[in-house]
1. For a quick check: sort A:82, A:68 by the number of other beta carbons within 10 angstrom, fewest at the front.
2. Given the options B:18, B:50, B:130, state which has the largest fluctuation in a GNM of chain B using a 10 Å cut-off (strictly under) for Cα springs.
3. Give the share of C-alpha pairs in each 10 angstrom bin for segment B:72-116, from 0 to the last occupied bin, in whole percents, shortest bins first.
4. Using a Förster radius of 30 Å, what is the FRET efficiency between residue B:75 and residue B:254 based on their Cβ-Cβ separation? Nearest 0.05, please.
5. Report the Rg/Rh value for segment B:113-263, based on alpha-carbon coordinates and the Kirkwood definition of Rh.
6. Taking the 0 to 90 degree range and rounding to the nearest ten, how far is the long axis of helix A:3-23 tilted relative to the main principal axis of chain A, both from C-alpha atoms?
7. With the Cα gyration tensor of chain B in hand, convert its eigenvalues to equivalent ellipsoid semi-axes via √(5λ) and list them largest first in whole Å.
8. Once you average over the residues of B:51-62, how many Cβ atoms of partner chains fall within 10 Å of each Cβ?
């Protein structure tokens, strides 16, 4: 085969390969969404994080404004210490409320931030003090059953008293 | 009885020695390929020609099978996922299974069948017709002139082919999920982007494909180089290339995966 034809085809081949890797990175992967520009870091302590994982989104009003950077167990307070990276463009007051929510019934877990009314804004390295743990389904069910049992017991006792 | 036991043991010993000898010979060849690394990059034209033979000519089979694999994944995944009411997760399923596993592994298997056999047969025939000996007589190292360019061509082609496989496979899954089944277009891509991580998934897939490229090309080269210089020897070597490459790829895939997924 002609020399230039071979070169042309190999060039097309390599270009296609690079395009495929770029396509995978941008269209399939999260290279674009994880790249949120300048960030600042805050921490939050939770008693139970449920299934929260690193890289999970941090949302406020449903908009992704940051990502979970890391999760470590704090053996002093027996709590999970979650490091959050927030986009520099978004500032939150110091009494912001951090909740762990689940997207849908079986979806992934994310952190939702609800702004408070304080004048002072969170700075790099600050700690969010108001947190709410992840909902653990087993706990909820056992609580529900316990309440149900105590309800029937009390109604029975009132019946007996009558 | 005693004679039978003795001959069994002799056979076992013979096989063990031959196995060790082959591993040693393969390692030696691998070492020489590295020694002639810069030598072969001094003549990039040889490598370009081999990339054409191994990579470009494998393009059609890789792309067509990728599209069909993606479509099958889309159909099968939808069938199961819609039972749990989460058919939007089809994009995640297709993308993750392609990028992490099927892309590198199926590409490597096809590569061994399409390009590996060609390399083995070509080198085996070169040896049978004493072309390699002729080169040595002219003080041209056959490793530098024949083996090393093919090795680098295979190592370069494999990741490109695997990336193309994954991309076309995702498009195949998209083709089944969105226009045919009617999954929402936005949910397909956004759920995929939310769950596929560039480093953990895509880059690990690329690493896998590079490793498979090294292994498949090396097995093909060694089997050709080591083939008995007869018609039967070359045919056996070609068969061994496919069998050994496939086994090596599947076994290595398990090992690599267990390293990449921290349990």
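Rule-based calculations on the coordinates, nothing more; no lab input. None of the values given here were measured: they were computed from a predicted structure. Quick reminder, even Gly has a Cβ in these numbers, built from the backbone with ideal geometry, and neighbours come from all protein chains shown.
1. The fewest-first ordering by Cβ neighbours comes to A:68, A:82.
2. For chain B, modelled as a Gaussian network with Cα springs under 10 Å, the answer is B:18.
3. P(r) over segment B:72-116, rounded to whole percents: 28, 38, 23, 10, 1.
4. 0.65
5. Ratio of gyration radius to Kirkwood radius for segment B:113-263: 1.14.
6. Compared with the principal axis, the helix lies near 10 degrees.
7. They are 40, 23, 16 Å, listed largest first.
8. 3
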